Each structure stands twice: as C-alpha cells, then as structure tokens.
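Derivation of every value follows stated rules applied to the coordinates shown; laboratory data play no part. Every value quoted in this text rests on a predicted model; they were computed, and no experiment measured them. Reconstructed Cβ throughout: ideal geometry from the backbone, glycine too, with neighbour counts over all protein chains shown.
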Amino acid sequence: MEPLRSLILAAAGNDVIRRAVARSFTVPGARRIVARFVPGETVADALAAVRALATDGRYATLDYLGEWTRDRGQVERAVRTYLRLLDGLAEQGLSGHAEVSVKLSALTVDGDPALASLSLGRICEAAQRCGTTVTVDMEDHTTTDSTLAVVNDARRTWPWVGAVVQSYLRRSETDVAALAHKGSRVRLCKGAYAEPGDVAHSDAHAVDLSYVRCANLLLEGGAYAMFATHDPRLVGVLRQRTRWYGRRPGTYEYQMLYGVRPDEQRRLAAEGETVRVYVPFGEQWYGYLMRRLAERPANLALFLRALVSRS
C-alpha cells in the first residue's frame, strides 16, 4: 500500500492531474467524493458545514485552503476571506460553534515574519470581535521556530491564540514543555509532512509514544489540550489520561478531520466530550484531497469510478 500512497502524494504536485481532477468537480459522482472531505469552495459552504455539525453537538475549526502564497495580493485575498468568514459566524450566531485555523505560509510572502504577524493580527482582531479564537497550524520542520515565534508574539495581545505541536518531531516534548501552562491552547497532532530521520521519528510506535508523553505534559501543565487524532486506540489512552489527571470534559477537546470517522465523532460528542471537526474550504482543495486519498487509498477507487461513470 505504501507505493500507492507515494504515487498519490506525487500526484498532489502534478499540475496536469490537478487540472483534470479540478474539471471533475462538475461530475456529480466525483463531486460527492470531494464533498466528503471538503464541503465546498465558498464562505457560505463553510458556514453551512458549521451549522450541520452543530446539530449533533460538534464544533468546527475552519481552514481556508491555500498555502505558500506568491504575492501580497494572494495574502490580502486570504486575509479578507477569513474576515468575511468571521463576520459570517457572528451574523449567523455561530461564533460559539467554530474557530478558525490558519497557515502562516498563506499569510505572508517568502516567509516574511513581519507580514505574517500583521496578517495574523488582522484575523485575531476580527476573531476577538466575533467572540471566537484562532489556531496557527504547523507546517514542515523548517518553519517550526518561525511559526512558534509568531504565535508567541501574537499571544502577548491575544493569549488565546492556539499553537500546534507535531509529535513525530524529535523536538516536540521540548516545545510542549514551553507551551504547557494554564490557559494555553495547544493542538497536538502526529504530523503529516515528509521529514528526514534526524528531525522526525519514522517508526509509528515511536510517534505514538511521543504523542502520549506530550499529552501528559499538556494535561499536567494545565493547558487546554486539543487532541487531533483518529486513532481509536490512542483516543482510548487519552480518555484514560484525562481521567487520571482529573480533567473534566470541556477542559480539553478531541479534533478530527471533516469526513473522517464521523460516527466516532458523534459517539464521543454524545458521551459528553468536546469534539471539534477540522473543516477545510476553498478553491485550492486538490492537494488536500490527494492527502486524504493517500491516507486511505481505497477512496481513490471510489473517486475514479465516479469519474468513469459520470453519474
């Protein structure tokens, strides 16, 4: 299965395939497959997804797809989209049900930290007015230090800004130790970027052990931990650890991707856990879709069948 996964990820960067898949969005069957993971391209689509999730007690974190912008015009478009999104949440009474996630590479050009901070600040100001929060996604290891620096700077004004730690990085426990204090919002995920062995654990068991150690640090330090995982075994361990540390539901949360294990999301929510769903939207859904297909290549057969049948 690993060679197929590698092929799918390679296709994520192929412009010819990207254009062909983008055209398939007009095919009903293919559109349904895309919509399983990406509810749509517009702010209205994102807001509709939040409303649907709220009906069974789930929350959302909304991510406007787009990273590694090439010019300030693209940065401005991304920021304005987030501002319209936040206004929409407030107008529709959904601010209590959703926050937003941002990638700094979509908010700056050539890694300029000053522009990243300025762009993030505009979004944080709007989020504060609307009564919600912002989490800054982590990207590959080359940006870890710069991302944490921007987050720490933003927290001087908006202490609720969320940070992200990836447990597969060898440095993660050190980062968590610095972030694990009362009121600190920290999303803990495993990590999905291809990284060299001296930077990241390649063994899945080592990644899981790192995840649990990081989780313990967050719970012990009083942070508001956001456990991003779909692994049922790991969720079971986390539920045991939260009880051991005397944490009540609402002082931490579980996060899962839109369209991935929705029944488990509903089950946890029905049992009183806070469950937040990562909801991506926007025109640049192709790369995100390919990563989801790579995680479960069986979905690729469904997608290709939809293209062929055009049903």
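Of note:
- Sorting 272-283, 49-60 by average packing, meaning the other beta carbons within 10 Å per residue, from highest down gives 272-283, 49-60.
- Loop trypsin sites (Lys or Arg not before Pro), region 88-164 (other Cβ atoms within 10 Å of the site Cβ: 12 or fewer; DSSP): ARG156
- Overall, the anisotropy analysis places region 138-277 in the oblate class: the square-rooted eigenvalues a ≥ b ≥ c of its C-alpha gyration tensor yield a/c not less than 1.5, with a/b not exceeding b/c.
- Counting Cα-Cα pairs of region 144-224 in 10 Å increments starting at 0 gives whole-percent bin shares of 19, 50, 26, 4.
- Net charge over other residues, Cβ less than 11 angstrom from the Cβ of ARG170 (K, R count +1; D, E count -1): -3
- Modelled this way, with points 7 Å down the Cα-to-C-beta line, the labels at ARG32 and GLU264 are 2.4 nm from one another.
- Averaging Cα coordinates gives a centre for region 101-178 and one for region 214-246; these two points are 22 Å apart.
- Tensor-based shape of region 43-283 (alpha-carbon gyration tensor, a/c under 1.5 rounded, otherwise prolate or oblate): oblate
- Using θ = phi - 60° and Karplus 6.51 cos²θ - 1.76 cosθ + 1.60, couplings along region 233-238 (whole Hz; Gly, Pro as x): 5, 5, 4, x, 5, 5
- Across region 179-294, Cα pairs under 8 Å and at least six residues apart give a relative contact order of 24 percent.
- Over region 43-283, relative contact order from alpha-carbon pairs under 8 Å, at least 6 apart, %: 21 percent
- Amide hydrogen neighbours beyond the local backbone of ARG276, cut-off 5 Å, H modeled: TYR59, TYR254, GLN255, MET256
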